[in-house]
Amino acid sequence: GAGVSQSPSNKVTEKGKDVELRCDPISGHTALYWYRQRLGQGLEFLIYFQGNSAPDKSGLPSDRFSAERTGESVSTLTIQRTQQEDSAVYLCASSPHHLPTDTQYFGPGTRLTVL
Amino acid sequence: DAKTTQPTSMDCAEGRAANLPCNHSTISGNEYVYWYRQIHSQGPQYIIHGLKNNETNEMASLIITEDRKSSTLILPHATLRDTAVYYCIVRVGSNYQLIWGAGTKLIIKP
């Protein structure tokens, strides 16, 4: 079946512009996560959605970052007034529930470059 | 939150078993150990997870010490396609965050 998809795969933008990144989770997965991965580093948690519950935004680095999710489907991560330090790969993952044993399935990521 | 430490890099000969160690000395009783790997330019891929008991699946085996302060991921017959960064992580909190370190870069040599 279809896995997690993300778009665009690459995004180059100028400092100060806004960007929107999209994630399509696996159908039926209620949990959705966004992570950021800087070059050569592990993943940093950004935000978590679970069903209709309020999202956990504790990992968002600043108020320039926001994310939305429509029901249990598509999610968008928006970065306003981009800075060079926002350059990274942004990864989305989904899982069927939010139990400790649930595996997270990752998309291929969006590589964001801020010039 | 529990943190993990892993070697920065390791080599292994093709066809041999690759043993990747991980220390998680501050792990709590209800925290699972997960292993993911990331092949270059791809999203992470789940390998295996465990709580207390050793685990085995079609990809790998996970050996967890009795005190749970360390674990070892074993790829029984490594192939060139197993070259990747391997992350040992613990899953914590009400939102089950995965706390990622820098991982071990495993290079399988012919």
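The values are calculated or read from the model by the stated rules, or taken from the named source; none is laboratory data. Not measured: the values here are computed from a predicted model. Methodologically, a virtual Cβ is constructed for each residue, glycine included, from the backbone with ideal geometry; neighbour enumeration extends over all protein chains shown. Just the protein is used for accessible areas: all its heavy atoms, side chains included, with ligands, DNA and RNA removed. Shrake-Rupley method; radii C 1.70, N 1.55, O 1.52, S 1.80 Å.
Annotations for the structure displayed:
- Test set (1) among the basic types (Lys, Arg); (2) modelled with pLDDT of 90 or more; (3) crowded, with 19+ Cβ neighbours inside 10 Å - B:Lys69 fails condition number: (3)
Condition check ((1) among the charged types (D, E, K, R); (2) touching a residue at least 40 places away in the same chain (Cβ under 8 Å); (3) open to solvent by less than 50 Å² (accessible area, probe 1.4 Å)) across all residues:
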site	(1), (2), (3)
A:Trp34	no, yes, yes
A:Leu39	no, yes, no
A:Gln50	no, yes, yes
A:Asp63	yes, no, no
A:Thr76	no, yes, yes
A:Thr82	no, yes, yes
A:Ser94	no, yes, yes
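- For A:Gly16, the conditions (1) open to solvent by 60 Å² or more (accessible area, probe 1.4 Å); (2) out of contact with any strand residue (DSSP E or B) (no Cβ under 8 Å at 6 or more places or on another chain) all hold with the exception of (1).
- Matching option when the condition is touching a strand residue (DSSP E or B) at 6+ places or on another chain (Cβ under 7 Å), over 20 Å from B:Val90 (Cβ atoms), surrounded by 20 or more Cβ atoms within 10 Å (Cβ to Cβ) and of a type in the set (A, V, I, L, M, F, W, C), among A:Leu112, A:Leu46: A:Leu112
- Residues that are open to solvent by 60 Å² or more (accessible area, probe 1.4 Å) and more than 29 Å from A:Gly40 (Cβ to Cβ) within the stretch B:44-54 comprise B:Lys52, B:Asn53, B:Asn54, listed in sequence order.
- Taking the criterion of being closer than 17 Å to B:Leu62 by Cα and open to solvent by less than 70 Å² (accessible area, probe 1.4 Å), the residues of the stretch B:8-18 that qualify are B:Ala17, B:Ala18.
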